[in-house]
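Contents: one structure, followed by commentary.
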């Protein structure tokens, strides 16, 4: 069945043949003759689960829990299960997944393929760190079980492999006991980006939730002011009531009105409004769903940039470069005078390998309206990033070129070579893999 | 309560298992492929703490003796039987492959009747006994597409009417549903003139109606009026319709 598919950032769309199998025999009968893209929730910022002429295999009907072992702190589920559903089940039994992406509609398979990070990468690492075992199907290779003992290299390639190694059928992941039923959250005001980083370093060891919101829609002395959201898991009786529903995110649906309210002309006022509305220093208690999945309760945001959508630029600046980078970054932003719709910072601690968005440093999530002037700024930022050893999150950035990605990721060629060795016919393709020439 | 769902691996069958487990029913789930029902059973047990047993069998070739309660303990003390399995085919428009024709009849009618026949004696006097069949609006009036499917579903409906009459004085209830469009893989992205119901909604209504009197119902209910008009269309108009 033909469907119009669109990335969440609105920058890529195409018509694809979409197949939603609901029985295993339908998956195992997929032949090795046609190009395939695997889709879970289908809500990546960039087009990571469709593109070109690839037939899209949507795994949403494979969403069953397969095993739960509280003694060994392990859960196993099919790849199409959403992290929201997994969280609801685990929380009921006093457990959680340590690394939670920002939207509950994201699938388990998507978390593995994109190797997502959560609200506290500094403490918890990446999703790949939780994966014990993956069942993978490749039409030319059959069904494979990947673990740290079996097909270890393929497991490494699959976690953060953008779905290019095959169809993830199910996975066993490590879980952790839930240390509370809500977050005790404080909003800490910060005066600029450097101040944010300095405060992060004071707070990083003892917070379960740590990120910032900064205002880069102004270029005066208050540029970069904002707040740090710092939270600890606590037990409260009664726990704050979670919202009953959230509005589902469906980037593929035609919007009736796509007139954006987030525009360069409105951004400064909108950000100032948000800054003053949320600057209260009083601690508040936030239910788990709102704290873990903030994207679910702000779905309007994704359509607020209008028909052209927005561009996400997520970068990881190494600790050693942060002060130099901030200076050059601010100079560049002031020169281009492009207002950012969203700026959020987080701390990272890890080791970069293959195409994994990992390392030790500060993560910047930057949103800009999708227009030529923004692209010009991002092009200059790419050059700055290369000079400073900064990497860009490939699953979030819809416009990054293959050449830039190769310069940023030292093991880019190694990833491509290993993938070609495993799958010489390169059966699995997406808009992302085509753009990056993987 | 203990329920058997035949055709449980996907669509309405799967939605029914979820709804029944949510309400505390222990389950036996029957479908052709163990690879589908084993994970389904584990999911239901983990999510709802009920007992779920699996039975993998192809409805077209199922030996009814295998599911007789005397032979297989799993089928003992059954309260509800849901017959959901069904299959249609795009080639069902007149002249078609003989094997395909026979499999459509076997799955949609013969297999279902065999199961009812095997379990009827045990269900008849169960105080909470239910035999629930699923038909289709396609059986309301014969048309040029889904010919064998419609005919076999019509046969099943007729069979259920007979069973209902047979059990008129027994505690066991016999309910039959004529289903309209449902948003399952069978429908796919096919554009339909009338809206498709979600399998979860249909399953909820079917389980809500446990304990209600025996009889035939359209689901969703408004299909009754649509099909009333459809059935009453004069042949001179009907023959021109591309349905």
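Could you sort A:378-387, B:1-10, B:219-228, A:313-322 so that the peptide with the highest average Cβ count within 10 Å comes first and the rest follow in order?
So the order, starting with the most tightly packed, is B:1-10, A:313-322, A:378-387, B:219-228.
In a solvent-free Debye calculation with one equal scatterer on each Cα, what is log10 I(q)/I(0) for region A:96-245 at q = 0.10, 0.11, 0.15 Å⁻¹, listed in the order of the q values?
-0.50, -0.58, -0.89
Could you give the angle, 0 to 90 degrees to the nearest 10, between helix B:11-22's Cα long axis and the longest principal axis of the Cα atoms of chain B?
Result, in degrees: 30.
Taking the Cα centre of each part, how many Å lie between region A:148-180 and region B:143-188?
If we compute the Cα centre of each part, the gap is 45 Å.
Sorted from fewest to most neighbouring beta carbons within 10 Å, what does the list B:19, A:421, A:312, A:328 look like? It would help to have the intermediate numbers written out before the result.
Working: B:19 20, A:421 10, A:312 24, A:328 15.
Ascending number of Cβ neighbours within 10 Å: A:421, A:328, B:19, A:312.
Per residue of A:21-32, how many C-beta atoms from partner chains lie within 10 Å of its own C-beta, taken as a mean?
Mean partner shielding for this stretch: 3.
How far is helix B:223-232 tilted off the main Cα axis of chain B, in degrees rounded to 10, range 0 to 90?
40 degrees
Return an integer: the convex hull volume of the alpha-carbon atoms of region B:131-177, in Å³ per residue.
Taking only Cα atoms, region B:131-177 has a hull volume of 52 Å³ per residue.
Roughly how many whole Å is it from the C-alpha centroid of region A:29-104 to that of region A:107-136?
Comparing the Cα centres of region A:29-104 and region A:107-136, I get a distance of 11 Å.
Please report the base-10 log of the normalised intensity I(q)/I(0) for region A:352-438, using a Debye sum with one equal scatterer per alpha carbon and no solvent, at each q in 0.22 (1/Å).
Ignoring solvent entirely, the Cα scatterers give -1.18.
What is the ratio of the Cα radius of gyration of region B:42-91 to 2.2 N^0.38 Å, with N the residue count, to two decimals? Can you show the working numbers first?
Numbers: Rg = 14.1 Å, N = 50, 2.2 N^0.38 = 9.7 Å.
Cα-based Rg divided by the globular estimate yields 1.45.
How do the peptides A:350-361, B:205-216, A:289-300 rank, highest first, by the average count of neighbouring beta carbon atoms within 10 Å per residue?
Numbers: A:350-361: 20.6, B:205-216: 15.4, A:289-300: 18.2.
Put in order of decreasing packing, that is A:350-361, A:289-300, B:205-216.
Give the value in nm², to one decimal: projected area of the alpha carbon convex hull of the protein assembly as shown, averaged over all directions.
32.8 nm²
Given region B:122-208, report the % of alpha carbon pairs whose separation exceeds 14 Å.
Above the 14 Å cut-off, region B:122-208 has 69 percent of its Cα pairs.
Taking 8 Å as the Cα distance limit and 6 or more residues as the minimum spacing, I'd like the relative contact order of chain A as a percentage.
That works out to 18 percent.
Relative to the compact globular guide of 2.2 N^0.38 Å, what is the alpha carbon radius of gyration of region A:212-306, as a ratio?
Details: Rg = 16.2 Å, N = 95, 2.2 N^0.38 = 12.4 Å.
Scaled against compact globular proteins, the figure is 1.31.
Using only atoms on other chains, find how many Cβ atoms lie within 10 Å of each Cβ of peptide A:62-71 and report the average. List each step's numbers first, then the result.
Values: counts 2, 2, 11, 7, 5, 3, 4, 0, 0, 0.
Neighbouring Cβ atoms belonging to other protein chains average 3 per residue here.
Compute the Kirkwood hydrodynamic radius of chain B, taking the inverse of the mean of 1/r over all pairs of distinct Cα atoms, and give it in Å to one decimal. Could you put the intermediate results ahead of the total?
On the way: mean 1/r = 0.0544 Å⁻¹.
That comes to 18.4 Å for chain B.
Alpha carbon centre of region B:64-111 versus region B:219-238: separation in Å?
So the two Cα centres are separated by 28 Å.
Taking the C-alpha atoms of region A:245-372, how large are the radius of gyration and the largest Cα-Cα span, Dmax, in Å?
17.0, 47
Enter the mean number of other protein chain beta carbons within 10 Å of the beta carbon of each residue in B:41-50, as an integer.
4
Alpha carbons only, please: Rg and Dmax for region B:16-151, in angstrom.
In order Rg, Dmax, the Cα atoms of region B:16-151 give 16.3, 49 Å.
With an 8 Å Cα cut-off and a minimum separation of 6 or more residues, compute the relative contact order for chain B in percent.
Working: 422 pairs, mean separation 44.4, N = 243.
Dividing the mean separation by the residue count of chain B yields 18 percent.
Quick one: pull the percentage of alpha-carbon pairs in region A:60-117 with a separation above 13 Å.
58 percent
Taking only the alpha-carbon atoms of region A:51-157, what semi-axes of the equivalent ellipsoid follow from 5 times the gyration tensor eigenvalues under a square root, in whole Å, largest first?
Those come to 22, 17, 15 Å.
Treating the angle as unsigned and between 0 and 90°, give the value, to the nearest 10°, between the Cα long axis of helix B:111-124 and the longest Cα principal axis of chain B.
50 degrees
By counting other Cβ atoms within 10 Å of each Cβ, how are A:342, B:83 ranked from fewest to most?
A:342, B:83
Cα-based Rg (one decimal) and Dmax (whole number) for region B:4-84, in Å?
When restricted to the Cα atoms of region B:4-84, Rg and Dmax are 11.7, 32 Å.
Most exposed first by the Cβ proxy, i.e. fewest other Cβ within 10 Å, how do A:121, B:201 rank?
B:201, A:121
If I take every Cα pair under 8 Å that is 6 or more residues apart in region B:86-203, average their sequence separation and divide by the length, what percent do I get for the relative contact order?
The value is 28 percent.
Just so you know, all these numbers are worked out from the coordinates, no wet-lab data involved. Keep in mind it's a predicted model, so treat the numbers as computed, not measured. No Cβ is skipped: glycine too gets one built from the backbone with ideal geometry, and neighbour counts run over all protein chains shown.
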